[in-house]
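Here is the structure we will look at, set down as structure tokens.
Taken together, the values in this text are just the output of simple stated rules run on the coordinates, not laboratory data. Keep in mind it's a predicted model, so treat the numbers as computed, not measured.
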Amino acid sequence: MSQSCNKREAVAWAMNRTLIAAALLACSASSTFAEAKTQDFQQWAAVSATVSASDRIRLQNEFVMRFSDNRNGLYEIENVTLVGYKLDDHVTAWAGYVHNPQYNAGDFTVMERRAREQLTFDNIAKLGKASLSARVRLEQRWRDHIDGTGWRLRPYAKLGVPLGGKTAPTLNVSIEPFINLNNTSFQAKDGLDRTRTAASLSVPVSKVLKLEAGYLNQHRFVAHGPDLDDHAVTGTLSLSF
């Protein structure tokens, strides 16, 4: 009788250990999965063209496609049309429209439309060979069939470091915070919403064509939850006439 009891206790102990180990493994896997979901690896591709209509007036169009691992492919397109008026050699005032359809795994989900106003400050300061540029951008956001207008401010600063002569690459380092100025159903968080920091190399191919490639981190601040990070490989083809 004693041996039978001992055997049953040994079996029960072994089963308990197995169950405990399985539970710990499941918790570990769940934690790893949750952590992985706070990181997303993306690819951003852009083409832009700027045309001088006169000594002071600029026309610009930019087309951007964004792809995400977590969202299984295409998740956003931006088509941006702007008109700029050159105030002096360094400052240009711009205004225009952003057409921004959004997707999930390539399937359309919602249409966002934006009005955009901005001031750009080109080469406003020198730090040795490096040149500092800046931008202040204001956006009004609407989504089809959803009430409300989201107001958003996006200051931006970029340092460009030439790595040689006029035909050599330039190293660019930039930062851009996104600051929500109000709340809507789709812009639920006030204040600092996200920050983009980027590093890239730009190469002049000809007088009208420039290529730029690099890395961008988009850190998104989440209320009552873990923050999110998007790691994006970026590529831009820029035309200027």
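Brief remarks on what is shown
- For region 182-201 versus region 59-115, the spacing of their alpha-carbon centroids is 15 Å.
- If the segment from MET111 to PHE241 were pulled out straight at 0.36 nm per residue, it would be longer than the present Cα-Cα gap by 43.7 nm.
- Taking 0.36 nm per residue of sequence separation and removing the Cα-Cα distance, the HIS99/LEU153 pair yields an extension gain of 17.6 nm.
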